[in-house]
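A quick write-up on the structure given underneath.
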Amino acid sequence: MILVTGGAGYIGSHVVRDLADRGYSVLVIDNLTTGHIEAVDKRAIFLQGDAGDPKLLDGIFKTYSIQAVMHFAASCLVGESVVNPLKYYQNNVVETVRLLQKINQYQIKHFIFSSTCATYGIPNQSTIDEKLPTHPINPYGKSKLMIETMLNSISDRDDFNFIALRYFNVAGAHPSGEIGEDHTPETHLIPNILRHLQGKSACIEIHGNDYATPDGTCIRDYIHVTDLSTGHILALEFLLKNQHKKTAEIFNLGNERGVSVLEMIHLCEQVTNIKATVNIQPRRKGDPPRLVASSKKVREALGWMPKFDIHTMIQTAWNWHRNYPDGYK
């Protein structure tokens, strides 16, 4: 059985569904602070609670034979982390320490960690590979890097192996249209554009149009949530197949293609056939002009390749927003 923390969230729920589709038994922990019970696949066992609750974890590890833990439970809003850093160190670091203590106590061998490209901070190169030094500039990125550091430290244990996956901009929804992205507040670009095109906001704001990019707006790397989920499955299968091989790896997961904010708005207009109203705002502090991943390492190590292009990301997200105009509510 695979234990998935945060399995009611956007990314976690897609991974839970993919695991169930592939025949894995899945147990989900989620406190539903930001997750949605409606997103959890009915084939999974669901327990409401914190990922670092010692009593809850004791009950799970004593009752079920857990092969691996996939850890998604975290607070993940960059802006909020700056305003309320203690929340992020509590939810992301302290709760993970408690989880890792129980994993160590019950000798769980395999751990997959949901990390972030925010660990890089503001890179000095436009294409980012895993060799780039990490200098996170906000508590969210710092909290994730702290966990990566802990994982590297405890990986000296002979029977503990981990893979950390650093995501870039996750987008899209399940091709079935049944599960998708529902955040409050919503900070991601594509759902905010689509919500605007549904008439839920007066305009879409662009923060800066004077960057050193072809159209003056920031360029980012987007990856479909299903491709991201596939990366987690491949990481899990690698750990399970190489149980006697020491594994302590960090991989980027990105599409290796940059899309500017203005280009993304135009693409959303094409998919929906609706014209957007754009409002140019001043730059936000700390926004790099271009962030694009190199995924060469994960391609070579795990055979991962993204299958969904940017149009499919937008179309699946649009299908979701039309099916669930008010989210899971």
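Just so you know, all these numbers are worked out from the coordinates, no wet-lab data involved. All values reported here derive from a predicted model rather than from experimental measurement. Quick reminder, even Gly has a Cβ in these numbers, built from the backbone with ideal geometry, and neighbours come from all protein chains shown.
Here are some notes:
- GNM top mover of 200, 285, 297 - the chain, alpha-carbon springs below 10 Å: 285
- Using equal-weight Cα scatterers in the Debye expression, the normalised intensity of the stretch 1-60 in log10 at q = 0.21, 0.30 Å⁻¹ is -0.70, -1.26.
- Computed 3J(HN,Hα) for the stretch 29-38, one whole-Hz value per residue from the Karplus formula 6.51 cos²θ - 1.76 cosθ + 1.60 where θ = phi - 60°, is 10, 7, 8, 6, 5, 10, x, 9, 4, 5, glycine and proline marked x.
- Nearest 10 degrees, 0 to 90: helix 95-105 Cα axis against the chain principal axis: 30 degrees
- Least to most buried among 146, 305 (fewest other Cβ within 10 Å first): 305, 146
- Over all directions, the projected convex hull of the C-alpha atoms in the stretch 107-146 averages 3.6 nm² in area.
- The C-alpha atoms of the chain define a longest principal axis, and helix 310-323 lies at about 90 degrees to it.
- Between 273, 161, 152, the GNM of the chain built on Cα springs shorter than 10 angstrom shows 273 fluctuating the most.
- Highest-MSF residue in the chain out of 125, 198, 90 [GNM, Cα springs under 10 Å]: 125
- Footprinting exposure proxy ranking of 3, 145, fewest other C-beta atoms within 10 angstrom first, gives 145, 3.
- Relative contact order (percent, whole number), the chain, Cα cutoff 8 Å, 6+ residue spacing: 19 percent
- If you take the alpha carbon atoms of the stretch 27-169 and fit the smallest convex hull around them, that volume is 123 Å³ per residue.
- Cubic angstrom per residue, convex hull over Cα atoms of the stretch 154-259: 165 Å³
- Annotation: amide H of residue 294 within the under-5 Å range of 128, 129, sequence separation 5 or more or interchain, hydrogens built in the peptide plane.
- The chain: proportion of alpha-carbon pairs further apart than 34 angstrom, %: 20 percent
- For 33, 217, order by how many other beta-carbon atoms lie within 10 Å, fewest first: 33, 217
- On the basis of the beta-carbon distance and an R0 of 51 Å, residue 98 and residue 273 show a calculated FRET efficiency of 0.55.
- Degrees, to the nearest 10: 225-241 long Cα axis against longest axis of the chain: 20 degrees
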